[in-house]
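The values are calculated or read from the model by the stated rules, or taken from the named source; none is laboratory data. Small disclaimer: the values here were computed from a predicted structure and weren't measured. Every residue, glycine as well, gets a Cβ built from its backbone with ideal geometry; the counts of neighbours run over all protein chains shown. For accessibility, only protein heavy atoms count, side chains too; no ligands or nucleic acids. Shrake-Rupley method; radii C 1.70, N 1.55, O 1.52, S 1.80 Å.
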Amino acid sequence: IGYAASYRYCVTTITQQIESALYKVRLRLGEKIQRAELITIEQIGALQIYDRIVQQTTIISNSSWLIALGLQAFVLLIMLLAYILYLSRVLFLLFLLAALVVVPLYYSRSKRVTANMQQVGRQQVSLRNLLTDLLRGFKETRLNTKRGDDLYRHFDETAATLKDDTIEVHFLDQENVNFMHFNMYVLLAATVFVLPQFVSTNAASLSQLSAAALFLTGPIGILSFTIPEYERADLAATNIQALEQRLDEAALAAPQGPDDPFQGQFNVIEAADLAFSYTDPSGGEGFSLGPISLSIRAGEIVFFVGGNGSGKTTLLKLLTGLYAPTSGRLLVDRRPVEAANLRAYRELFAGVFTDFYLFKKLYGLSDRPAEQVSGLLEQLKIAGKTSYGPEGFTNLELSTGQRKRLAMVVALLEDRPVYVFDEWAADQDPEFRRYYYEELLPELKRRGKTVLAISHDDRYFRCADRVVFMEYGAIRSIESDPADPAKPA
């Protein structure tokens, strides 16, 4: 009865403690992700973050009751060994000598298991990446059979490697369990058959020693399968800690303070010798932008033009404070953008990037009247496709162009001084493309808004105050009067 009651208490207490700790870890990681820099999140990768916060914490959660069982078995093992010491010092020394041999061997085997589990974890992430490619690139693989076959072949190879590594982990686990059971039976046999040959033992003592040794099989057997679960949980905790350390390092590199000298307005944003370099994970030379010097005046429309890879999107991320420059600096009305005012600087901007994300609810905009939301949905011609209610937008399963229009609705609701649009018109039909350039952008300008837009529609360059032409990470030229056909690009 005492064993059953203590087991229940132990499992309940440890489960509550572990789940409370995991809750705090998830919240802490979520907070650090919220404060992290964009480049850090891009470098870590969304799939790895999902794995650490969801899958790795689940491994620890599922192991909680087994860890409790193992701890109780360990306590029972210590108590039984103390009882054996009381009955026979010789047998206790025999068990101790066996432990000095068995434990290091078991530990070395466990290190191999841990190394293989790490390899399995890497293969699982690779397989999830390839599965993402299969699903998100479904149209592309249907249009190119060879591409689809190559991708599936890579998926097959990764799945086969994961299978082999997982089999190896299970094999080593079972070998460890077998190793523990083998030594347990050897000790039991030594107690019953070997000890009486060297030590004078009466029948009663031998019966007590045999019973104590037999009882040892219980906790040792439990430990043989709970220790691998503990090692998995420990490895999961190590992976979570590694993610948190990377987020901490990024936060230390770019602290942010509450200072707001801008108060939601500006006259000139200036990029002074702004430069940025991507880090190549393979050690090669990554893409570099700049140095770039450029001034953005309040209330003007500026188009950024250039081929793919010219650095347009990277420059916009630098100008909005989403990327920290490698060198150079940003100035607002001659005031430098620093760690203390970076958060306030970012609050000057709203926009739609090419990799935008639509939230179901208007987070941070709950004070906007329903009439304003409905009016913008009507204005962007998507009121018949979705609406906004207490549970958020009723439909997000829209075409790419419609999703961009809905993202535009959210951006307009933010009502910020500067709007950033990354090829917004690329997925719109001719009617909405004309509306965007000839009605929406001029309307924002009349309201005193600044617009920074990436565009490839040369027929609409006349709608901009300036057109910045980019090439190979540098500004090639700036056209201040794009409406004049006689002016060279």
How much length, in nm to one decimal, is gained on full extension between SER480 and LEU322, taken as 0.36 nm per residue of separation minus their Cα-Cα distance?
54.2 nm
Three principal axis extents, largest first, for the C-alpha atoms of segment 297-357, in Å?
34, 28, 25
Based on the alpha-carbon gyration tensor of the chain, what equivalent-ellipsoid semi-axes (square roots of 5 times the eigenvalues) come out, in whole Å, largest first?
65, 24, 22
Expected 222 nm ellipticity per residue - DSSP helices of 4 or more, -39500 (n - 2.57), all of the chain, to 500:
-19500 deg cm²/dmol
³J(HN,Hα) across segment 101-110 via Karplus (A = 6.51, B = -1.76, C = 1.60, θ = phi - 60°), whole Hz, x for Gly/Pro?
8, 6, 4, x, 5, 5, 5, 5, 5, 5
Once LEU71, LEU398 are ranked on solvent-accessible area with the largest value leading and a 1.4 Å probe, the list reads LEU71, LEU398
Label GLU338 and ARG153 with points 7 Å out from Cα along Cα→Cβ: what is the distance between them in nm?
5.8
Please work out the FRET efficiency for the pair LYS163 and VAL54, using the Cβ-Cβ distance as r and a Förster radius of 25 Å; give the result to the nearest 0.05.
0.65
Between ASP248 and VAL101, the two model label points (7 Å from Cα along the beta-carbon direction) sit apart by a distance in nm of 4.3
Does anyone have the angle between helix 2-35 and the longest principal axis of the chain? Alpha-carbon axes, 0 to 90°, nearest 10?
20
Among VAL332, ILE292, VAL11, the residue whose Cα sits farthest towards the positive end of the charge dipole of the chain, when +1 is placed on the Cβ of each Lys and Arg and -1 on the Cβ of each Asp and Glu, is VAL11
Going by average Cβ neighbours within 10 Å, how do the peptides 262-274, 443-455 rank, with the highest at the top?
443-455, 262-274
Table column - 3J(HN,Hα) (Hz), segment 329-346, Karplus curve with 6.51, -1.76, 1.60, x for Gly and Pro
7, 9, 10, 10, 6, 6, 9, x, 7, 10, 4, 5, 10, 4, 4, 5, 4, 4
Taking 18 Å as the cut-off for C-alpha to C-alpha distance, list the pairs among LYS361/LYS385; LYS139/LYS317; LYS360/LYS385 that go past it.
LYS139/LYS317
Student exercise, segment 1-104 dipole from Lys, Arg, Asp, Glu Cβ charges, in Debye to nearest 20:
240
If R0 is 45 Å, what FRET efficiency do you get for SER399 and SER61 from their C-beta distance, rounded to 0.05?
0.70
Compute the Rg to Rh ratio over segment 378-427 from the alpha carbon atoms, using the Kirkwood formula for Rh, and round to two decimal places.
0.97
Hey, rough spin-label estimate for TYR185 and ARG89, points 7 angstrom out along Cα→Cβ, what's it come to in nanometres?
3.3
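Between LEU331 and TYR472, take the C-beta separation as r, use R0 = 41 Å, and let me know the FRET efficiency to the nearest 0.05.
Values: r = 25 Å, r/R0 = 0.62.
Between LEU331 and TYR472 the formula returns 0.95.
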Can you tell me which lysines have their Cα less than 30 Å from the Cα of LYS146? Leave out same-chain residues fewer than eight positions away.
LYS163
With all protein chains in place and a 1.4 Å probe, GLU438 shows an accessible area in Å² (nearest 10) of 70
Would you mind getting the accessible area per residue of the chain, heavy atoms of the protein chains only, 1.4 Å probe, in Å²?
55
Along each of its three principal axes, how wide is the spread of alpha-carbon positions in segment 54-201, in whole angstrom units, largest first?
84, 28, 19
Long-range amide H contacts for ASN341: which residues qualify at under 5 Å (H placed 1.01 Å from N, peptide plane, sequence gap of 5 or more or a different chain)?
GLY257
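Heavy atoms only, probe 1.4 angstrom, no DNA, RNA or ligands counted: give me ARG405, ARG334, ARG28 ranked by accessible area, highest first.
Correct descending sequence by accessible area is ARG334, ARG28, ARG405.
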Kindly report, to the nearest 10 Å², the accessible surface of VAL54 as traced by a 1.4 Å probe over protein heavy atoms only.
90
Reference-scaled alpha-carbon Rg (2.2 N^0.38 Å with N residues) for segment 332-433:
1.19
Relative to the present Cα-Cα distance, how much length would full extension add between LEU135 and ARG28 at 0.36 nm per residue of separation?
35.4 nm
Taking amide hydrogens as modeled 1.01 Å from N in the peptide plane, which residues meet the under 5 Å criterion relative to VAL352, leaving out close sequence neighbours?
VAL420, PHE421, ASP422
The percentage of the accessible area of the chain (probe 1.4 Å, all protein chains present) made up of carbon and sulfur atoms, to the nearest whole number, is 56
Extension reserve of the THR15-ALA298 stretch, reckoned as 0.36 nm per residue once the Cα distance is removed
96.2 nm
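Over the chain, what relative contact order in percent results from Cα pairs under 8 Å that are six or more residues apart? Numbers along the way, then the final one.
Details: 607 pairs, mean separation 77.1, N = 489.
With pairs under 8 Å counted, the relative contact order is 16 percent.
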Send over the Kirkwood Rh of segment 1-131, from the inverse of the averaged 1/r over different Cα pairs, rounded to one decimal Å.
18.7
Provide Rg over Rh for segment 398-489; use the alpha carbon set for both Rg and the Kirkwood Rh (inverse mean inverse pair distance).
0.97
Long-range amide H contacts for LEU274: which residues qualify at under 5 Å (H placed 1.01 Å from N, peptide plane, sequence gap of 5 or more or a different chain)?
ILE292, SER293, ARG329
